[in-house]
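The structure under discussion appears below in the form of structure tokens.
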Amino acid sequence: MADRAIITTEDRALSAGQSETNPAAVYLASLRPTGRATMRSTLEKVADLVGMPLDVLPWPQLQYEHVAALRTKLAEQYKPATVNKYLCAIRGVMRAAWRLGQIDAEQYQRIADVKGVTGSTLPAGRGLDSGEVKGLMEACSNDPTPTGARDAAIISMGYAGGLRRAEIASLDVSNILGDDGEAITIKVVKGKRNKERMVYLDNGARLALLDWLAIRGDEPGALFWSGRRGGHLVRGQRLTGQAIGDILTKRAEIGGVEPCTPHDLRRSFVSDLLESGVDISTVANMAGHESVETTRRYDRRGEQAKKRAAKTLHVPYRRRMV
């Protein structure tokens, strides 16, 4: 790819200036805040490969052959999933350019036709075993401060409810719809499309949330408050998604658990439900997945299941006498 051949001086103004006419800015503004930083970083890498800063790159000059060349260059450096993320970002920007009237439908369709990279890699993240979940909860139970109760409820939400960190951070007290004595019902709202699902916390997860609510009280607002040194809470101040990740890192260290992320709790939620015999369609609904294929990608039982299956095959071989 001739990196600078598509850039001309008179085209710089096409992307510079007001953000409402910059297709990259329009695309990024359409994303949820939790994904915006990631995709901006992705687009900055694309702009770097082209040889210009993101904010002045004239996206409407991008043609099919340029995107195809970018795909080839990216495939030399990254795994298929990462390359496809870059291509998704490019398509998003070019769709915005088309909607802004900066390119025609034919140009956009040709770029959209650049196929993703196929291939498979080992899944990211990991699942936690029962001992690790116990270690996390004990690290919270052994903390007599209010943050101990708060963190136990947060970890319960991630593991027993399968909530994403952003979903946990966005919960208000009003999202708790009731407690029938067996399970607490929580309404979870995801993303800009306001997709709703019901989550049920049973047994120990229910008890952890009840203990936190006894400390927090029933005043309206954020369900989980941020904390300060010494285990003190800042009343009414909502936790961030980053803070939830930091909480899990801290509790894992205290509990002697290998490093893990909030999404590892979610992976464990999916894997353990499937291991217990819950059908994959129900698990997908509980996790808020639109497709069972997404749910399959969360399943971290794979290697252990293959090890168990290998034990069922017998080869009648006798060791040689040395």
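The values are calculated or read from the model by the stated rules, or taken from the named source; none is laboratory data. Given the structure is predicted, the values throughout are model-derived calculations rather than measurements. Cβ coordinates were reconstructed from backbone atoms using ideal geometry, including for glycine residues, and neighbour counts include every protein chain displayed.
Every condition in (1) among the β-branched types (Val, Ile, Thr); (2) touching a Gly at 6+ places or on another chain (Cβ under 9 Å); (3) without any contact (Cβ under 8 Å) to a residue 40 or more places away in the chain is met by Val278 except one, and the failing one is (2). Of all residues in region 211-231, those being out of contact with any Leu (no Cβ under 9 Å at 6 or more places or on another chain) and within 24 Å of Phe269 (Cβ to Cβ) number 1. The selection criterion, being assigned to a helix (DSSP H, G or I), surrounded by 12 or more Cβ atoms within 10 Å (Cβ to Cβ) and touching a residue at least 40 places away in the same chain (Cβ under 8 Å), does not hold for Cys88.
Does Ser156 satisfy the criteria of being touching a helix residue (DSSP H, G or I) at 6+ places or on another chain (Cβ under 7 Å) and either among the aliphatic types (A, V, I, L, M) or crowded, with 16+ Cβ neighbours inside 10 Å (or both)? Considered against the rule, which asks whether it is touching a helix residue (DSSP H, G or I) at 6+ places or on another chain (Cβ under 7 Å) and either among the aliphatic types (A, V, I, L, M) or crowded, with 16+ Cβ neighbours inside 10 Å (or both), Ser156 comes out as yes. In region 143-160, the residues that are more than 19 Å from Cys260 (Cβ to Cβ) form Cβ pairs under 6 Å with partners that are hydrophobic (A, V, I, L, M, F, W, C), at six or more places apart or across chains, as follows: Pro146/Ile215; Pro146/Leu233; Ala149/Trp212; Ala149/Ile215.
The condition (being buried (at least 20 other Cβ atoms within 10 Å of the Cβ) and among the polar types (S, T, N, Q)) is satisfied by just one residue among Gln77, Gln107, Gln102, Gln63: Gln102. Among the numbered conditions (1) within 22 Å of Thr294 (Cβ to Cβ); (2) at pLDDT below 90, the only one that Cys260 does not meet is (2). Considering only residues in region 135-173 that are of a type in the set (Ser, Thr, Tyr) and within 24 Å of the chain's Cα centre (by Cα), the one that is nearest to Leu274 (Cα to Cα) turns out to be Tyr159.
If you go through region 175-192 and pick out every residue that is under 17 Å from the mean Cα position of the chain (by Cα) and surrounded by fewer than 14 Cβ atoms within 10 Å (Cβ to Cβ), you end up with 1. Considering region 253-302, the residues that are β-branched (Val, Ile, Thr) and crowded, with 19+ Cβ neighbours inside 10 Å include one that is nearest to Asp129 (Cα to Cα), namely Val257. Could you check region 71-111 and list, in sequence order, the residues that are of a type in the set (A, V, I, L, M) and closer than 17 Å to Ala24 by Cα? Leu87, Ala89, Ile90, Val93, Met94, Ala96, Ala97, Leu100, Ile103, Ile111 - these are the residues of region 71-111 that are of a type in the set (A, V, I, L, M) and closer than 17 Å to Ala24 by Cα. Listed by first and then second residue, the pairs with beta-carbon distance under 8 Å, at least 6 apart or on different chains, first residue in region 292-314 and at pLDDT 75 or above, second assigned to a helix (DSSP H, G or I) and surrounded by fewer than 14 Cβ atoms within 10 Å (Cβ to Cβ), are Val292/Ser281.
The C-beta contact set for region 47-73 (first residue in contact (Cβ under 8 Å) with a residue 60 or more places away in the chain, second residue among the hydroxyl-bearing types (Ser, Thr, Tyr) and part of a helix (DSSP H, G or I), distance under 8 angstrom, 6+ apart or interchain) comprises Leu70/Tyr86. The one condition from (1) in contact (Cβ under 8 Å) with a residue 40 or more places away in the chain; (2) surrounded by 15 or more Cβ atoms within 10 Å (Cβ to Cβ); (3) within 22 Å of Ala287 (Cβ to Cβ) that Lys195 does not meet is (2). In this structure, is Asp172 modelled with pLDDT of 95 or more, crowded, with 17+ Cβ neighbours inside 10 Å, charged (D, E, K, R) and not assigned by TED's automatic domain parsing to the domain that holds Glu65? For Asp172, the condition - modelled with pLDDT of 95 or more, crowded, with 17+ Cβ neighbours inside 10 Å, charged (D, E, K, R) and not assigned by TED's automatic domain parsing to the domain that holds Glu65 - is not met.
Once region 124-153 is narrowed to residues that are basic (Lys, Arg) and more than 13 Å from Ala252 (Cα to Cα), the residue that is surrounded by the most Cβ atoms within 10 Å (Cβ to Cβ) is Arg150.
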